[in-house]
């Protein structure tokens, strides 16, 4: 059976994921600030939080028992997207726990 009938829904799902990413900036694209903290220290903390978040997300993914499965291309894309969202969520939590807040344009 040809898989061309899957291309339309896959492209639509991909477009929605891309639009969602634009509407909600990732933790790495946010300007983080904390009193008496340099930009370099904030970048180092963000990097450390991202590394820790990736490791935690990988542990969670492995614990789900999905490691040996052979997902479809669409399934793999959704899985990767969900894992990226989890890493972003954990990174944000880490930065907040370290006392940072997100800085929006025009504020400190």
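What follows draws every value from the coordinates through simple rules; no lab data is involved. All figures in this text were calculated on a predicted structure; none of them were measured in a lab. Cβ placement follows ideal geometry from the backbone for every residue including glycine, while neighbour counts extend to all protein chains displayed.
In this simple spin-label approximation, residue 89 and residue 28 carry label points 7 Å from Cα along the Cα→Cβ vector, and these lie 1.9 nm apart. Given R0 = 25 Å, the distance between the Cβ atoms of residue 78 and residue 102 translates into a calculated FRET efficiency of 0.40. Taking 0.36 nm per residue of separation and subtracting the current Cα-Cα distance, fully stretching the chain between residue 52 and residue 37 would add 3.4 nm.
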